[in-house]
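Notes to accompany the following structure.
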Amino acid sequence: MAQDPYTELGVARTAAPEDVRKAFHKLAKTHHPDRNPDNKAAEERFKRISAAFDIVGDAEKRAKYDRGEIDADGREAAPQGYRPGPSGAGGAGAGFEGVDLDEILGGMFSNRGRAGGRGFAMRGSDVQARLDVDLEETITGATRRPLR
């Protein structure tokens, strides 16, 4: 994850857009790969400076960053209170530790089919059918109905 873009550019959060631009140009000149051939550290620093300016130098992205809507890499930030699960970001159960799903769903799937009961009404059983279709019919989009 990138460092705070303001810190990367060496400017205050309250810096005016022209001050941000000046800071970026000064740092970009110093660390540009053309001025530092074969210097990986300078190249990496230039990439970080450019990424920081991409956020702070754009009024809309800067506002989103300041509000916490995007992170320092420009990606949408996780909602407040989100904590990834043990497997890290996106793992099974991510963000649901200690949450009682039955409480949240409120028995939505119980009492099925009861008039006036909570949940979904069941109107019949599932229907299963076997239908043989030729490859040509699949390609041309033929329509068929199974025999009952």
**Asked** For region 63-73, which residues satisfy the criterion of being surrounded by fewer than 17 Cβ atoms within 10 Å (Cβ to Cβ), part of a loop (DSSP other than H, G, I, E, B) and of a type in the set (Gly, Ala, Ser)?
**Response** Gly68
**Asked** What is the one condition in (1) at pLDDT below 70; (2) surrounded by 14 or more Cβ atoms within 10 Å (Cβ to Cβ); (3) not polar (S, T, N, Q) that Ile104 does not satisfy?
**Response** (2)
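Per-residue answers, yes or no, for (1) touching a residue at least 24 places away in the same chain (Cβ under 8 Å); (2) crowded, with 16+ Cβ neighbours inside 10 Å; (3) of a type in the set (S, T, N, Q):
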| residue | (1), (2), (3) |
| --- | --- |
| Ala12 | no, no, no |
| Pro17 | yes, no, no |
| Lys22 | no, no, no |
| Lys26 | no, no, no |
| His32 | no, no, no |
| Ala41 | no, no, no |
| Phe46 | no, yes, no |
| Ala52 | yes, yes, no |
**Asked** Within region 54-62, can one find any residue that is closer than 21 Å to Gly10 by Cβ and either in a loop (DSSP other than H, G, I, E, B) or modelled with pLDDT under 65 (or both)?
**Response** yes
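The values are calculated or read from the model by the stated rules, or taken from the named source; none is laboratory data. Keep in mind that this is a model prediction, so the values were computed, not measured. Cβ coordinates were reconstructed from backbone atoms using ideal geometry, including for glycine residues, and neighbour counts include every protein chain displayed.
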